[in-house]
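The values are calculated or read from the model by the stated rules, or taken from the named source; none is laboratory data. Fair warning: this is a prediction, and the values are worked out from it, not measured in the lab. A quick note on method: Cβ atoms are made from the backbone with ideal geometry, for glycine too, and the neighbour counts reach across all protein chains shown. For accessibility, only protein heavy atoms count, side chains too; no ligands or nucleic acids. Shrake-Rupley method; radii C 1.70, N 1.55, O 1.52, S 1.80 Å.
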Amino acid sequence: MNRISIFLFSFFFALPISYAEEIVFRHNQNSLSGHYLGATNGKPAKAVLLFVHGDGATSYDAKGYYSHIWEPLRKHGYAIFSWDKPNVGNSTGNWLEQSMADRQSEVLTAINYIQNKYNFASENTGLFGFSQAGWALPALANKNSKVGFVIGIGFSKNWVEQGRYYTKIRHELAGKNQKQISSELNKYAKEVSFFKSAPSYNEYLQYSGEVAMIKERYQFVLKNFMSDATHDYGKINVPSLFLWGEKDLSVNAKNEFKWWQVHGSKLVTPKLISNASHSMLNADSFSEQDFGYKEWIKLMWLEQDAFAKDFLPTILTWLEKRKL
């Protein structure tokens, strides 16, 4: 069977490579739907990794993106647990109503559920978070942690600073000159100041006009835009691996990496992955801020080859050193 036939078969008849157990657990009033995937090396799982999403309405497998990360992890003896965000897939509730504290509480509930159901201890329970999860997970990695280790992809300390960088890069990519970019950054700073007054949605509509967010998204941003993980970073008390893509167009990866070099912890291993995007994809092939249908098709075609060369080996090497 040639490669395109294999791709079409997997696209239209997407059957799991190995058994995934569907799990429903409750957090507050929400019923959350997830999947537990065991290790595939024929041995009991040495640890379980709970995948924690970034921004957006994300399904448990991130529309197939996660599966290419899960495969080598499972082959090396690690189990996986991931769940649909509230109001995604079969999960009830609404992720747009959550604060970062709500997200922390949800993750802690998932940890307790998985540890009780599969007999994992704190030492061999890990969190694997992406982007926006960086404002939720560090608080769960303190001295009273229910987890033994954390892996973070594309974390930013501060929501406002991350938004400023994203705005700058977006307008650079649009071909605007330096004066125009400075004007856009001034607009961004004024919007942040406006948000600090906690305006109503109607006031926000009058302020923003045609470019306004929908009400639910606006309320989510208003609830969370002051997020800053710096204080929680200082209290991390479990081994942690933080990775950034050298060519990240959403987070100022080089500055985040430099911050850890200055304010380092013996427990935190920071690394800048060469030629990687925000999602750790090969930046030569995936270089845009927005990930659309064409990029998804390319990812499904390339599978693990879509990632930057050092991404998966770095994670596997770091995990093996934990001797779980």
remark   = Only unsatisfied item for residue 155, checking (1) under 22 Å from residue 259 (Cβ atoms); (2) surrounded by fewer than 17 Cβ atoms within 10 Å (Cβ to Cβ), is (2)
query = Is there any pair linking a residue in the stretch 200-222 that is among the small types (Gly, Ala, Ser) to one that is open to solvent by less than 90 Å² (accessible area, probe 1.4 Å), with Cβ under 8 Å and at least six apart or on different chains, and which?
reply = 208/191; 212/204; 212/205; 212/218
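Run down 14, 39 and say which single residue is more than 30 Å from residue 223 (Cα to Cα), assigned to a loop (DSSP other than H, G, I, E, B), aliphatic (A, V, I, L, M) and modelled with pLDDT of 95 or more.
Answer to the check: 39.
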task = Give me the pairs, please: first residue somewhere in the stretch 51-75 and part of a helix (DSSP H, G or I), second residue anywhere and β-branched (Val, Ile, Thr) and open to solvent by less than 20 Å² (accessible area, probe 1.4 Å), beta-carbon distance under 7 Å, and either six or more positions apart or on two chains.
result = 70/80; 73/80; 74/80
Yes/no for residue 134 being modelled with pLDDT of 95 or more, open to solvent by less than 20 Å² (accessible area, probe 1.4 Å) and at positive phi = no
inquiry  = Among the residues that make up the stretch 218-227, is at least one of them among the basic types (Lys, Arg) and surrounded by 13 or more Cβ atoms within 10 Å (Cβ to Cβ)?
reply    = yes
request  = Inspect all residues belonging to the stretch 148-158 and state whether any of them is more than 13 Å from residue 50 (Cβ to Cβ), of a type in the set (S, T, N, Q) and within 17 Å of the chain's Cα centre (by Cα).
outcome  = yes
request  = Tell me which residues, restricted to the stretch 78-118, are of a type in the set (Phe, Trp, Tyr) and either open to solvent by less than 10 Å² (accessible area, probe 1.4 Å) or at pLDDT below 95 (or both).
outcome  = 78, 81, 83
task = Output the qualifying pairs, or none if there are none: Cβ atoms under 9 angstrom, residues six or more apart or on different chains, first residue in the stretch 108-127 and more than 17 Å from residue 35 (Cβ to Cβ) and among the acidic types (Asp, Glu), second residue at pLDDT 95 or above and not in a helix (DSSP H, G or I).
result = 123/47; 123/147; 123/148; 123/149
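Scanning the stretch 170-205 for residues that are outside any helix (DSSP H, G or I) and within 28 Å of the chain's Cα centre (by Cα), which turns out surrounded by the most Cβ atoms within 10 Å (Cβ to Cβ)? So that I can check it myself, show each step before the final result.
We begin by selecting, within the stretch 170-205, every residue outside any helix (DSSP H, G or I); these are 174-177, 196-200.
Among the residues that remain, those that are also within 28 Å of the chain's Cα centre (by Cα) are: 174, 196, 198.
On the way: 174: 10, 196: 12, 198: 9.
Restricting to residues being outside any helix (DSSP H, G or I) and within 28 Å of the chain's Cα centre (by Cα), the top hit is 196.
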message = Any residue at all in the stretch 275-289 that's in contact with a helix residue (DSSP H, G or I) (Cβ under 6 Å, 6 or more places away or on another chain), surrounded by 15 or more Cβ atoms within 10 Å (Cβ to Cβ) and at positive phi?
response = yes
remark   = Going through (1) surrounded by 19 or more Cβ atoms within 10 Å (Cβ to Cβ); (2) more than 18 Å from the chain's Cα centre (by Cα); (3) not acidic (Asp, Glu) one by one, residue 208 fails only at (1)
note = Selection from the stretch 89-101 of residues in a loop (DSSP other than H, G, I, E, B) and within 16 Å of the chain's Cα centre (by Cα) yields 98, 99
key: Boolean, residue 231 is of a type outside the set (Val, Ile, Thr), surrounded by fewer than 13 Cβ atoms within 10 Å (Cβ to Cβ) and either in contact with a Ser or Thr (Cβ under 7 Å, 6 or more places away or on another chain) or part of a helix (DSSP H, G or I) (or both)   = yes
note = Among residues of the stretch 290-309 being surrounded by 13 or more Cβ atoms within 10 Å (Cβ to Cβ) and out of contact with any helix residue (DSSP H, G or I) (no Cβ under 8 Å at 6 or more places or on another chain), the residue modelled with the lowest pLDDT is 291
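Only residues that are hydrophobic (A, V, I, L, M, F, W, C) and in a helix (DSSP H, G or I): list them for the stretch 127-148, please.
Our first condition is that a residue be hydrophobic (A, V, I, L, M, F, W, C); within the stretch 127-148, this holds for 127-128, 130, 133, 135-137, 139-141, 147.
If the condition is that a residue be hydrophobic (A, V, I, L, M, F, W, C) and in a helix (DSSP H, G or I), then 133, 135, 139, 140 are the ones that fit.
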ask   = Could you say whether any residue in the stretch 247-267 is open to solvent by 40 Å² or more (accessible area, probe 1.4 Å), in contact with a Leu (Cβ under 9 Å, 6 or more places away or on another chain), without any contact (Cβ under 8 Å) to a residue 60 or more places away in the chain and assigned to a loop (DSSP other than H, G, I, E, B)?
value = no
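Residue 197: small (Gly, Ala, Ser) and out of contact with any strand residue (DSSP E or B) (no Cβ under 8 Å at 6 or more places or on another chain), yes or no?
Considered against the rule, which asks whether it is small (Gly, Ala, Ser) and out of contact with any strand residue (DSSP E or B) (no Cβ under 8 Å at 6 or more places or on another chain), residue 197 comes out as yes.
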